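The values are calculated or read from the model by the stated rules, or taken from the named source; none is laboratory data. Note that the coordinates shown come from a computational prediction; the quantities given were computed from them, not determined experimentally. Ideal geometry is used to build each Cβ from the backbone, glycine not excepted, and the neighbour counts take in all protein chains shown. These accessible areas exclude ligands, DNA and RNA; they are computed on the full protein's heavy atoms, side chains included. Shrake-Rupley method; radii C 1.70, N 1.55, O 1.52, S 1.80 Å.
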Amino acid sequence: MNQNNNNQGPIGIFDSGVGGLTVTREIMRQLPSENLVYFGDTARVPYGSKSKETILRYSTQIVNFLRTKNVKAIVIACNTASAYALEELQQQLDIPIIGVIWPGAISAAAATKNKHIGIIGTAGTVKSRVYNKYLRQLDSEFTVVSKACPLFVPLVEEGLTEDRVTDDIAKRYLTEFKDYDIDTLVLGCTHYPLLRNTVRRTMGEDVTLVNPAYETAKSLKQLLAEKNLLNTSGEEVHHEYCASDMTDHFVTFADRVLPVRVDQIRVVNIEKYPTTIE
Ligand code: DGL
């Protein structure tokens, strides 16, 4: 399928659930003229504790769903799915697809001065070592230390972003980074930017916190420009929100994160979409 003239086609964005809305917010800021379709896999979240095979299968089904929306490009707004599914999907698709990890690595490489970088993410993202791989590609002298922080996602989902419990858990997870003298810490999970204040309190002002969302939106903008895919029609933009299960939680989270109101979420039976790219 040749999608080269599909400038008004939407950008497909997906995540394991609602966390990818933090990336969507940044895309809305940097690309306000683009139509968007967001898909949150709320029926099968979390991805952070699942195997590569499962995440690749889920991501392929979601990409097949997004293609029915005639998307012109896809953003994997989930660190775990970017770690486990991006490279395979990139090889199989005829439209551009990007993840959040390469942009996160670029931001971290630009921010560090002493070349000691910390990564926090889900168990899956940390186990994949994809951040480590990309950072070493950017500079073989980087020392990269990573740590899974599995309790952070449920704490954010429960709205406990400013809470003593979260501060205590952050101390437990993050104190060991002090032994490695890191000057940069990548918030390598979609939910963690909402814990920025907590992480800052634990790590102190001298450690730069990197949110991959900003650089992801920037990379997307560059990519669309290079491929002549920017929407320059001037028509009113349309944002569509889809999920694999209906959750009130989606709307509550969207209200906390997005600059626009989400009034409608379409429930999609994601299991009916193929597990291979045709
Ligand atoms: N969206 C996931 C990520 O960025 C976090 C939530 C999950 O475990 O599914 O890795």
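Inspect segment 118-136 for any residue being open to solvent by 60 Å² or more (accessible area, probe 1.4 Å), in contact with a helix residue (DSSP H, G or I) (Cβ under 8 Å, 6 or more places away or on another chain) and farther than 17 Å from ILE277 by Cβ and give the result as yes or no. It would help to see each step written out before you state the result.
Kept after step one, since they are open to solvent by 60 Å² or more (accessible area, probe 1.4 Å), are these residues of segment 118-136: 127, 129, 133, 136.
From what's left, in contact with a helix residue (DSSP H, G or I) (Cβ under 8 Å, 6 or more places away or on another chain): none.
No - not one qualifying residue is present in segment 118-136.
One line per residue, one yes/no per condition, for (1) touching a strand residue (DSSP E or B) at 6+ places or on another chain (Cβ under 9 Å); (2) of a type outside the set (Lys, Arg); (3) open to solvent by less than 20 Å² (accessible area, probe 1.4 Å):
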| residue | (1), (2), (3) |
| --- | --- |
| ALA217 | yes, yes, yes |
| GLU226 | no, yes, no |
| GLU235 | no, yes, no |
| GLU240 | yes, yes, no |
| ALA243 | yes, yes, yes |
| MET246 | yes, yes, no |
| HIS249 | no, yes, no |
| ASP255 | no, yes, no |
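Here is a check on your reading of the model: is LEU155 within 16 Å of the ligand (Cβ to nearest atom), surrounded by fewer than 20 Cβ atoms within 10 Å (Cβ to Cβ) and either over 21 Å from VAL100 (Cβ atoms) or modelled with pLDDT of 95 or more (or both)? Don't jump to the end; show me each part of the working.
Working: within 16 Å of the ligand (Cβ to nearest atom): yes; surrounded by fewer than 20 Cβ atoms within 10 Å (Cβ to Cβ): no; either over 21 Å from VAL100 (Cβ atoms) or modelled with pLDDT of 95 or more (or both): yes.
Considered against the rule, which asks whether it is within 16 Å of the ligand (Cβ to nearest atom), surrounded by fewer than 20 Cβ atoms within 10 Å (Cβ to Cβ) and either over 21 Å from VAL100 (Cβ atoms) or modelled with pLDDT of 95 or more (or both), LEU155 comes out as no.
Taking the stated definitions as given, is GLY12 in contact (Cβ under 8 Å) with a residue 40 or more places away in the chain, under 21 Å from LEU195 (Cα atoms) and either open to solvent by less than 30 Å² (accessible area, probe 1.4 Å) or in a loop (DSSP other than H, G, I, E, B) (or both)? I'd like the intermediate steps shown before the answer.
Working: in contact (Cβ under 8 Å) with a residue 40 or more places away in the chain: yes; under 21 Å from LEU195 (Cα atoms): no; either open to solvent by less than 30 Å² (accessible area, probe 1.4 Å) or in a loop (DSSP other than H, G, I, E, B) (or both): yes.
No.
Please tell me if ILE55 is in a strand (DSSP E or B) and within 28 Å of LEU185 (Cα to Cα). It would help to see each step written out before you state the result.
On the way: in a strand (DSSP E or B): no; within 28 Å of LEU185 (Cα to Cα): yes.
Criteria not met by ILE55.
Any idea how many residues of segment 43-88 are under 23 Å from PRO154 (Cβ atoms), hydrophobic (A, V, I, L, M, F, W, C) and open to solvent by 10 Å² or more (accessible area, probe 1.4 Å)?
3
Table: residues versus (1) charged (D, E, K, R); (2) more than 22 Å from PHE253 (Cα to Cα); (3) touching a Lys or Arg at 6+ places or on another chain (Cβ under 9 Å); (4) assigned to a helix (DSSP H, G or I).
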site: ARG29; (1), (2), (3), (4): yes, no, no, yes
site: THR42; (1), (2), (3), (4): no, no, no, no
site: LYS69; (1), (2), (3), (4): yes, yes, no, no
site: VAL75; (1), (2), (3), (4): no, no, no, no
site: ALA110; (1), (2), (3), (4): no, yes, no, yes
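Scan segment 62-114 for residues that are more than 19 Å from LYS50 (Cβ to Cβ), aliphatic (A, V, I, L, M) and within 14 Å of the ligand (Cβ to nearest atom) and jot them down.
VAL75
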